[in-house]
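The values are calculated or read from the model by the stated rules, or taken from the named source; none is laboratory data. In this text the structure is predicted, and so the values were computed from the model without any measurement. Reconstructed Cβ throughout: ideal geometry from the backbone, glycine too, with neighbour counts over all protein chains shown.
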Ligand SMILES: Cc1ncc(COP(=O)(O)O)c(C=O)c1O
């Protein structure tokens, strides 16, 4: 039932309406609306009940294990939410003078400094509002850097074939062409291909480390040298920062510019699709180009930097201060963890991933890279199972839902056939991981004995498998009552 | 260990299963030279109780203010139910609804949101959100250029929020797109359409514009269409309860005219101001342009048993499928804020939203009249305005605002720096949250401050 089905002409959530009305007589008639917008006309209880019920149709971290690779679905501490939502913080208008927001700005400045420390970068701007937005800012800075030196022939961004789709898309939005390079059999960048790809046209290389294949690029020192020797800059996609937080810093690996996904590593909620926060960190030579605003500390007075402070900045990413409330949640998380807690993140994320990998291997699952250590995530390939039983990674994923586990990431990265990219995160207990292994074993047995059962999954959710082809062919993107 | 459940026994059993002697051994593929030493600038961890105290102290230091600042972000009442439901774990801690069967709550909510937005804007389709109003405008500019066969020029009035214009510039400047600034009439505050604009792909039409002035959106829409360009509406969703929907703009709206794309800042629909975010950008368009739209879109379909359900659709526009040929790089959007906005629109309904808009507007008119009656304060423009107004002062705006601040009043936004031609100018906004007593309080202090400064001008060097 849609909220529109509850609607009755004339019904209102009266307590939410201003007491008095206001006149609009001074407005020109031709600019006024002729027909009132057909929003729902419902009571407050209708709304509360309808949306509470809808929430119950979701899987979430708070209700299920959610081992979604590349997404770092760790527990989102509740204090981060309640402290970011203290009423004075919520009431502050973004264009208020800095004097009225020293509590907020102090927190922002301290977060900025902590992010510098954990990434080993010389400067951080928290303007970007998600990972892809950070990628855009990072690539735009690379371009601004080359352009400022008159090095304008560098118009090509190198991206490994295992990279997330946002990497090539962000490079194109900065006016670059994309050159893809392959991955070798051990899951590492093919160095020979990289050597052949670089040249005077190279603006840079975009990389995640550990890669989206769940393994650490052991030759990062060589990669760094090849790109820098060719005059390019090195971009770090921080989606996998949880694997190395407190262990290795992108700055120490030689990266010139990075973004972080605070909605992954710093445990701000994913919110059913966002909001995130994608701060960028830069090495010394990119400092002048950082997006504004960032927070400055002038002898204990905190203020937002403007164009006057950074005349060479790539500019602004949002109308205000990025996703400030998300940054506040990340700040609270950082204070709760502290230094020791930061060092522990990668350790326990890696422990959980390697444990899960060992147990699944023992249970007869094929690993994409059996010779390698898992980072914070790893890949199981179901190619053999598909060939013998017809059960695909998608079918397997859907059956996991029936057993009360959110599915791992499927069909990404695209180069491993029938892949499940599994990321348990550090906040899950051994018992939960064991329960997941049991479900995996059960489903594998089902696939071998009654494949149709798995192919028809899920059975226990609000809907069964949905017709995506019809969704795209017979577009129904907004409700229209049938007369 | 905060948020890590492992006991010592767990760790040794797990290492045993892996066949490793220590956790450190799991990092043996990382070259030792790269390993981080101790972090320097991260302080020791604190228990929740101590962090709570710290944050409460900081919040108290920031305090509460009587704010009359708008400029794209508006202080509206937010019903208590909204964020209680929005922060339920099932919404708060869910991922993007890629596994549709396990995400029907979020997906249905987005479908309802898309429906409400199309009804508010009078357009056919809506996406599931973009980052904020400014970035949504940038995406609309890119979309107009993609949709236009030949031109890479887009006309952007100076009456568009100056920061929005900068965000658009940052976003499109590396793609060979030319942004052409349109002047405004110094008396009316309306955008002036140039006699000879040359070829262009789109015209941005702000309603109300940054000054609060109502543009002649019908003439602007027709003009853009006559020149073969798209009309891009930049609108405040609250005002759409009472102002004409973009889909109805122009004289030919019933023949497929009207604005082609509508974008704006979703913050007024239930998002707290919170020093800048998170908010969300909305984008609606006519059916013909749906395949050029950036961002996620939810569609209704059926499951294996023929039962209705919801799923992400038209994903072939998006980066995870199309990579370098995607319509945009956007992936994570502002889902949770959309969750709040959907409930806000449902709770307010057509009557409630219209009441919020009209009360806000009437308050602005009342305050503008009170202030303009004070010697030294005049309205900057003669045209009708909506819910926000530019006032000229015969005194330094920054100093006057600072004096008001000493009384707990944030009297508006000083826009003199962006528009030096206006002299000392402030942009003032009233919403339904302000009472008649609040308006009187503001006006009394403004009168006192201006007369005091007139009688005893501050020494220049004392500042
Ligand atoms: C490897 C990788 N890079 C980039 C991104 C994009 O980040 P966001 O969704 O925050 O824009 C993701 C997110 O899923 C990712 O997994």
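Residue by residue, here is whether (1) more than 7 Å from every other protein chain (Cβ to nearest Cβ); (2) surrounded by fewer than 20 Cβ atoms within 10 Å (Cβ to Cβ); (3) assigned to a helix (DSSP H, G or I) holds:
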site	(1), (2), (3)
B:37	yes, yes, no
B:61	no, yes, yes
B:64	no, yes, no
B:113	yes, no, yes
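Sort out which residues of region A:132-160 are away from the ligand (no atom under 13 Å from the Cβ) and outside any helix (DSSP H, G or I), and write them in order of number.
The initial filter retains those residues of region A:132-160 that are away from the ligand (no atom under 13 Å from the Cβ), namely A:140-158.
The answer is A:149, A:150, A:151, A:152, A:153, A:154, A:155, A:156, A:157, A:158.
Being surrounded by 13 or more Cβ atoms within 10 Å (Cβ to Cβ), in contact with a helix residue (DSSP H, G or I) (Cβ under 6 Å, 6 or more places away or on another chain) and over 16 Å from residue B:116 (Cα atoms) is the filter here; which residues of region A:22-44 pass it?
Within region A:22-44, A:22, A:24 qualify.
Would you call residue A:313 more than 22 Å from the chain's Cα centre (by Cα), under 23 Å from residue A:131 (Cβ atoms) and either touching a residue at least 24 places away in the same chain (Cβ under 8 Å) or not assigned by TED's automatic domain parsing to the domain that holds residue A:146 (or both)?
Numbers: more than 22 Å from the chain's Cα centre (by Cα): yes; under 23 Å from residue A:131 (Cβ atoms): yes; either touching a residue at least 24 places away in the same chain (Cβ under 8 Å) or not assigned by TED's automatic domain parsing to the domain that holds residue A:146 (or both): yes.
Here the answer is yes, as residue A:313 does meet what is asked.
Checking the condition in contact (Cβ under 8 Å) with a residue 60 or more places away in the chain and within 12 Å of the chain's Cα centre (by Cα), which residue from B:290, B:298, B:263 passes?
Working: B:290 fails: within 12 Å of the chain's Cα centre (by Cα); B:298 fails: within 12 Å of the chain's Cα centre (by Cα).
Matching residue, one of B:290, B:298, B:263: B:263.
In region A:163-189, which residues are surrounded by fewer than 18 Cβ atoms within 10 Å (Cβ to Cβ) and either over 24 Å from residue A:153 (Cβ atoms) or at pLDDT below 95 (or both)?
Hits for region A:163-189 are A:182, A:184, A:185, A:186.
If you go through region B:372-382 one residue at a time, do you hit one that is within 26 Å of the chain's Cα centre (by Cα) and either surrounded by fewer than 22 Cβ atoms within 10 Å (Cβ to Cβ) or closer than 21 Å to residue B:212 by Cα (or both)? Walk me through it before giving the result.
Pass one, region B:372-382, residues within 26 Å of the chain's Cα centre (by Cα): B:380-381.
With the extra rule that they be either surrounded by fewer than 22 Cβ atoms within 10 Å (Cβ to Cβ) or closer than 21 Å to residue B:212 by Cα (or both), the set shrinks to B:380-381.
Yes, there is a match, as at least one residue in region B:372-382 is within 26 Å of the chain's Cα centre (by Cα) and either surrounded by fewer than 22 Cβ atoms within 10 Å (Cβ to Cβ) or closer than 21 Å to residue B:212 by Cα (or both).
Out of A:151, A:147, A:62, report the one residue that is in contact with a helix residue (DSSP H, G or I) (Cβ under 7 Å, 6 or more places away or on another chain) and surrounded by fewer than 19 Cβ atoms within 10 Å (Cβ to Cβ). Show your work before the answer.
Numbers: A:151 fails: in contact with a helix residue (DSSP H, G or I) (Cβ under 7 Å, 6 or more places away or on another chain); A:147 fails: in contact with a helix residue (DSSP H, G or I) (Cβ under 7 Å, 6 or more places away or on another chain).
It is A:62.
Within region A:214-240, can you find the residues that are away from chain B (no Cβ under 11 Å) and within 16 Å of the ligand (Cβ to nearest atom)? Quick ask: steps written out before the conclusion?
Quick first cut of region A:214-240, residues away from chain B (no Cβ under 11 Å) only: A:214, A:223, A:225-238, A:240.
Result: A:214, A:234, A:235, A:236, A:237, A:238, A:240.
Being loosely packed, with under 12 Cβ neighbours inside 10 Å and within 23 Å of residue B:359 (Cβ to Cβ) is the filter here, so list the residues in region B:404-435 that pass it.
B:435
Among the residues of region B:1-9, are any touching a residue at least 24 places away in the same chain (Cβ under 8 Å) and not assigned by TED's automatic domain parsing to the domain that holds residue B:129? Give the derivation first.
Just the residues of region B:1-9 that are touching a residue at least 24 places away in the same chain (Cβ under 8 Å), to begin with: B:2.
Going one step further and asking which of them are not assigned by TED's automatic domain parsing to the domain that holds residue B:129, we end up with B:2.
Yes, because at least one residue in region B:1-9 is touching a residue at least 24 places away in the same chain (Cβ under 8 Å) and not assigned by TED's automatic domain parsing to the domain that holds residue B:129.
Between A:45, A:54, which is more than 7 Å from chain B (Cβ to nearest Cβ), under 30 Å from residue A:5 (Cα atoms) and either modelled with pLDDT of 95 or more or in contact with a strand residue (DSSP E or B) (Cβ under 7 Å, 6 or more places away or on another chain) (or both)? Break it down into steps so the answer makes sense when it comes.
On the way: A:54 fails: more than 7 Å from chain B (Cβ to nearest Cβ).
Answer to the check: A:45.
Assess whether residue A:303 counts as being modelled with pLDDT of 95 or more, within 12 Å of another protein chain (Cβ to nearest Cβ) and more than 16 Å from the ligand (Cβ to nearest atom). Don't jump to the end; show me each part of the working.
Numbers: modelled with pLDDT of 95 or more: yes; within 12 Å of another protein chain (Cβ to nearest Cβ): no; more than 16 Å from the ligand (Cβ to nearest atom): yes.
Considered against the rule, which asks whether it is modelled with pLDDT of 95 or more, within 12 Å of another protein chain (Cβ to nearest Cβ) and more than 16 Å from the ligand (Cβ to nearest atom), residue A:303 comes out as no.
Being within 24 Å of the chain's Cα centre (by Cα) and either surrounded by fewer than 20 Cβ atoms within 10 Å (Cβ to Cβ) or farther than 20 Å from residue A:315 by Cβ (or both) is the requirement here; does residue B:213 meet it?
Values: within 24 Å of the chain's Cα centre (by Cα): yes; either surrounded by fewer than 20 Cβ atoms within 10 Å (Cβ to Cβ) or farther than 20 Å from residue A:315 by Cβ (or both): yes.
It is true that residue B:213 is within 24 Å of the chain's Cα centre (by Cα) and either surrounded by fewer than 20 Cβ atoms within 10 Å (Cβ to Cβ) or farther than 20 Å from residue A:315 by Cβ (or both).
Can you spot a residue in region B:298-306 that is assigned to a loop (DSSP other than H, G, I, E, B), modelled with pLDDT of 95 or more and facing another protein chain (nearest Cβ under 7 Å)?
Let us first name the residues in region B:298-306 that are assigned to a loop (DSSP other than H, G, I, E, B), namely B:304-306.
Pick out the ones that are also modelled with pLDDT of 95 or more and you get B:304-306.
If we keep only those that are facing another protein chain (nearest Cβ under 7 Å) too, we end up with B:304-305.
There is at least one residue in region B:298-306 that is assigned to a loop (DSSP other than H, G, I, E, B), modelled with pLDDT of 95 or more and facing another protein chain (nearest Cβ under 7 Å).
Condition first: touching a residue at least 12 places away in the same chain (Cβ under 8 Å), in contact with a helix residue (DSSP H, G or I) (Cβ under 7 Å, 6 or more places away or on another chain), within 29 Å of residue A:306 (Cα to Cα) and outside the structural domain of residue B:388 (by TED's automatic domain parsing). Can you find one or more residues in region B:216-224 that meet it?
For region B:216-224, residues touching a residue at least 12 places away in the same chain (Cβ under 8 Å), in contact with a helix residue (DSSP H, G or I) (Cβ under 7 Å, 6 or more places away or on another chain), within 29 Å of residue A:306 (Cα to Cα) and outside the structural domain of residue B:388 (by TED's automatic domain parsing): absent.
If you take the residues in region A:264-290 that are in contact with a helix residue (DSSP H, G or I) (Cβ under 7 Å, 6 or more places away or on another chain) and within 10 Å of the ligand (Cβ to nearest atom), which one is nearest to residue A:343 (Cα to Cα)?
So the residue we want is A:264.
Show me the helices (runs of 4 or more DSSP H) entirely contained within region A:76-131 in which 3 or more residues are within 16 Å of the ligand (Cβ to nearest atom). So that I can check it myself, show each step before the final result.
Numbers: elements: A:78-84, A:87-91, A:102-119.
No helices (runs of 4 or more DSSP H) qualify here.
Among the residues of region A:167-208, write down those that are touching a helix residue (DSSP H, G or I) at 6+ places or on another chain (Cβ under 6 Å), within 16 Å of the ligand (Cβ to nearest atom), within 12 Å of chain B (Cβ to nearest Cβ) and touching a residue at least 40 places away in the same chain (Cβ under 8 Å).
Selection gives A:206 alone.
Suppose we filter region B:329-351 for residues that are surrounded by 24 or more Cβ atoms within 10 Å (Cβ to Cβ) and at the interface with another protein chain (Cβ under 7 Å from one of its Cβ atoms); how many remain?
Residues flagged as surrounded by 24 or more Cβ atoms within 10 Å (Cβ to Cβ) and at the interface with another protein chain (Cβ under 7 Å from one of its Cβ atoms) within region B:329-351 amount to 16.
Of the conditions (1) within 11 Å of chain B (Cβ to nearest Cβ); (2) at pLDDT below 95; (3) farther than 27 Å from residue A:325 by Cα, residue A:211 fails just one. Which one is it?
(1)
When the residues of region B:102-112 are narrowed to those that are over 20 Å from residue A:427 (Cβ atoms) and free of Cβ contacts under 8 Å to residues at least 24 places away in the same chain, which ends up farthest from the ligand (Cβ to nearest atom)?
Filtering region B:102-112 down to residues over 20 Å from residue A:427 (Cβ atoms) leaves B:103-112.
Those still in the list that are free of Cβ contacts under 8 Å to residues at least 24 places away in the same chain too: B:103, B:105.
Values: B:103: 15, B:105: 20 Å.
Among those that are over 20 Å from residue A:427 (Cβ atoms) and free of Cβ contacts under 8 Å to residues at least 24 places away in the same chain, it is B:105.
Answer yes or no as to whether residue B:296 is out of contact with any helix residue (DSSP H, G or I) (no Cβ under 6 Å at 6 or more places or on another chain), surrounded by fewer than 24 Cβ atoms within 10 Å (Cβ to Cβ), at negative phi and assigned by TED's automatic domain parsing to the domain that holds residue B:120. Can you show your working first?
Values: out of contact with any helix residue (DSSP H, G or I) (no Cβ under 6 Å at 6 or more places or on another chain): yes; surrounded by fewer than 24 Cβ atoms within 10 Å (Cβ to Cβ): no; at negative phi: yes; assigned by TED's automatic domain parsing to the domain that holds residue B:120: yes.
No: the conditions fail for residue B:296.
So which residues in region A:113-133 are in contact with a helix residue (DSSP H, G or I) (Cβ under 9 Å, 6 or more places away or on another chain) and more than 7 Å from chain B (Cβ to nearest Cβ)?
Result: A:115, A:119, A:121, A:122, A:123, A:124, A:125, A:126, A:127, A:128.
Could you say whether any residue in region B:311-320 is at the interface with chain A (Cβ under 7 Å from one of its Cβ atoms), within 16 Å of the ligand (Cβ to nearest atom), surrounded by fewer than 24 Cβ atoms within 10 Å (Cβ to Cβ) and farther than 26 Å from residue A:4 by Cα? Reasoning before the result, please.
Within region B:311-320, the subset at the interface with chain A (Cβ under 7 Å from one of its Cβ atoms) is B:311, B:313-314, B:319-320.
Then keep just the ones that are within 16 Å of the ligand (Cβ to nearest atom); that gives B:319-320.
Next, from what is left, pick out any that are surrounded by fewer than 24 Cβ atoms within 10 Å (Cβ to Cβ): B:320.
Next, only the ones that are farther than 26 Å from residue A:4 by Cα stay: B:320.
The answer is yes; a qualifying residue exists.
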